[in-house]
Amino acid sequence: METINATDFKARCLAILDRVAATGEPVVILKRGQPVAELSPAVRSGAAYPQHELKGTVTEVGDIVEPAVPADEWESTHR
């Protein structure tokens, strides 16, 4: 990952933005040698809803419709 001093970033900001958008490679911005920010490409999605971006990221374990508690424990103990 490339790093750049804040002073250099300020001077070449638009060119750096174009390069990050074109390559997809993030750039870490340093101030006095310490990382203060990371510039990464924006996520572009044609999805109508933000949740659609999560598609394919969830793994189902077991039956998602089955009750979490066994039926013999359904009765409340509180009165």
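None of the figures in this text is laboratory data; all of them are computed from the coordinates on show. From a predicted model like this one, the values you see are computed outputs, not experimental measurements. Cβ sites come from the backbone with ideal geometry, for glycine too, and all protein chains shown count toward neighbours.
Could you grab the relative contact order for the chain? Cα pairs under 8 Å, six or more apart, rounded to a whole percent.
22 percent
Could you point to the label whose value was computed as Cα Rg over 2.2 N^0.38 Å for the structure here, given (1) 1.06; (2) 2.08; (3) 2.34?
Here the calculated entry is (2).
So how do 7-19, 51-63 stack up, highest first, on mean other-Cβ count within 10 Å?
Peptide ranking by packing, descending: 7-19, 51-63.
Local charge sum around R12 (other residues, Cβ-Cβ under 14 Å, Lys/Arg +1, Asp/Glu -1)?
Value of the local net charge: -1.
Quick check: net charge around K31, other residues with Cβ under 13 Å of its Cβ, Lys/Arg +1 and Asp/Glu -1?
For residues surrounding K31, the net value is 0.
What is the packing order of peptides 64-76, 22-34, taking the mean over residues of other C-beta atoms within 10 Å and listing the highest first?
Details: 64-76: 6.8, 22-34: 11.7.
Put in order of decreasing packing, that is 22-34, 64-76.
Can you tell which of F9, V65, V27 lies farthest toward the positive end of the dipole of the chain, using +1 and -1 charges on the Cβ of basic and acidic side chains (Lys, Arg; Asp, Glu)?
The one lying farthest along the dipole's positive direction is F9.
Give the percent of DSSP beta bridges with both residues in the chain that are antiparallel, rounded to the nearest 5.
Bridges in the chain are about 55 percent antiparallel.
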